[in-house]
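Read-outs: derived from the displayed coordinates by stated rules, not from any lab. Note that the structure is a prediction, hence the values are computed from the model and not measured. Glycine gets a Cβ as well: all are built from the backbone with ideal geometry, and neighbour counts include every protein chain shown.
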C-alpha cells in the first residue's frame, strides 16, 4: 500500500523540521524502503537514537506533523471542519470548488482528495512512529528516556488508528516499517483494530510518566493515553472499564481540576487540559481560531449551523461565551469562539486542546447511565450544566438520561475533532439526524470510502466500503 511505505522524498520531508546542531535528521535508514544513498546532510538511524536530544527531536517532529497535517489539524483540512460539515454542526458558505463542499453535500467519492489525504497523512505519521519504535530497540538511551519515547510513539500509533477506524471502518493496523509486508497488508476487522489500539495505548500508559515532561502539556503523559482508552471503552460499550478509567483521571485532582469558568476552559494554561498542541511559532495561537472566526457576514467559508445554535437554551453560557453572532442587514450568523484569538499575539494565549477533562465526565456519565447508576450519571452531567449556567436535568429513566447526555455532548464538544459525527454514529442516531438534511443520505454513508488509488496498488485491501 503506497501510503504506508512512503517514498524516500516523503520521509525526508517528514523529518526535515528536526534540527539539532544545524543538521537535518532522517529517522529511518534509507534501505528500509528504497535502495538509495543516504544524503550526506542527514544522520543515520543509529546516530539519531544514540543521543536523546536527536531522538526526542524526531518524536517532537511527529507531533508537529500531526498538528499541521492530517486528521487532527485545526486548519480547514482536518476532521473538525470536514466532519462538522458532514454532520449537523456547520453550514458551508464557501466556493463551489472548496474541498469542504462534498462533505456538506454528502457527495464524497472514492476519488476525493481529502479522503486520500486523511489516509495518506495518517499512515505516514504511523510509519514515522513505527520508525521511532524500531530505532529505540537498538538505542543506547537510558531506560527512562526509552520509556518516554516508546510510550509517545505507541500513543501516536493508537491515536491515529482510532481515527482511521472511525472514518473508514476496517483498516490495516500497521506496526512496522517493512514496506514489503505493508504493501500486501489486508484490512483488519473493526473489533481487532479496537483490540490493537487498546493494547498500544495500555502499553503506552504503562511506559509514560504520570506527570508531564514539560509545563505545557504538549507531550502526552500516562493520563493522556488513559483518556483515549476511556473513550475506546465507551465506543466498545464496555461500560465498567469506561467508568473506571474515567474515574481514575477525574480523581487525579493534583493534575486536573474541573474549570468552573467557561472563559478559561480553552486557555493554554487550563487546569482541564489533558493534552494539547503547541502552536508552531511563538505568539501564534490556534488554527481553529483562524478557521472559525469571521467579522462580517455572510461568512466566507463556514458558520455554526442554525440547528446547533437553536439547541442551546437562551441562558446557556456555552452559547454566549463559546459562540459569537455576526449580524448585518442580510441576516445573522454564528461562529465558534471557544478560541478567541485568531491573530498573532505577543505570547501565545491558546493552544489547540485535543483531550480535556470534561469529556471524561461525559464518558463516565454515559457509562454510569448504562450501568443503571442514574443518580451518579446525573451528578456528572449536572456538574457540566452548572458551569453552563443551567439547572439540573429532570430526566429520570435510562432513555431520558442517555438522550440528555447526547445533547450535552453536542453542546459541550462541538467543533472538537469530529465528536458529534462519531457520537451519532456509535449511538445509531446518525440516520435520524442527517437523513432530513443531507441529500441522498444512506446508512452506508457512516463510513468514508477507501481511497480508490489504494486498491490499485494493494488488491489485498479487499472491496470498497458499502455505498
Counting alpha carbon pairs within less than 8 Å and at least 6 residues apart, what relative contact order, in whole percent, applies to region 239-396? 33
Residue separation between residue 137 and residue 327 times 0.36 nm, minus their alpha-carbon distance, gives in nm 62.5 nm
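With the Cα gyration tensor of region 157-302 giving a ≥ b ≥ c as the square roots of its eigenvalues, does the rule (a/c under 1.5 for rounded; else a/b larger than b/c for prolate; else oblate) give rounded, prolate or oblate?
Details: a/c = 1.79, a/b = 1.28, b/c = 1.41.
Since a/c reaches 1.5 but b/c is at least a/b, the shape of region 157-302 is classed as oblate.
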How large are Rg and Dmax for region 178-234 when calculated on the C-alpha trace, in angstrom? 14.6, 43
Relative contact order %, the chain, counting alpha carbon pairs below 8 Å whose residues are six or more apart: 18
Using a basic spin-label model with each label point 7 Å from the Cα along Cα→Cβ, how many nm lie between residue 176 and residue 307? 4.6
Over region 239-396, volume per residue of the alpha carbon convex hull, in Å³: 133
Place the peptides 135-141, 84-90, 57-63 in order of packing, highest mean first, counting for every residue the other Cβ atoms within 10 Å and averaging per peptide. 84-90, 57-63, 135-141
If you count the DSSP beta bridges with both ends in the chain, what percent of them are antiparallel, to the nearest 5? 90
Here FRET efficiency (C-beta to C-beta, residue 75 to residue 107, R₀ 22 Å, nearest 0.05) is 0.50
Per principal axis, largest first, the Cα atoms of the chain extend in Å by 65, 49, 47
With Kirkwood's inverse mean 1/r over C-alpha pairs for Rh, give me the Rg to Rh ratio of region 44-153, two decimals please. 1.16
Could you grab the relative contact order for region 317-454? Cα pairs under 8 Å, six or more apart, rounded to a whole percent. 15
Give me the three principal axis extents of region 368-443 from the C-alpha atoms, as integers in angstrom, largest value leading. 41, 25, 19
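Starting from 0.36 nm per residue, how many nanometres of slack lie between residue 264 and residue 407 once their C-alpha separation is accounted for?
Working: separation 143, 0.36 × 143 = 51.48 nm, distance 2.23 nm.
Stretched out fully, the residue 264 to residue 407 stretch lengthens by 49.3 nm.
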Points 7 angstrom from Cα along the Cβ direction at residue 192 and residue 372: gap in nanometres? 3.7
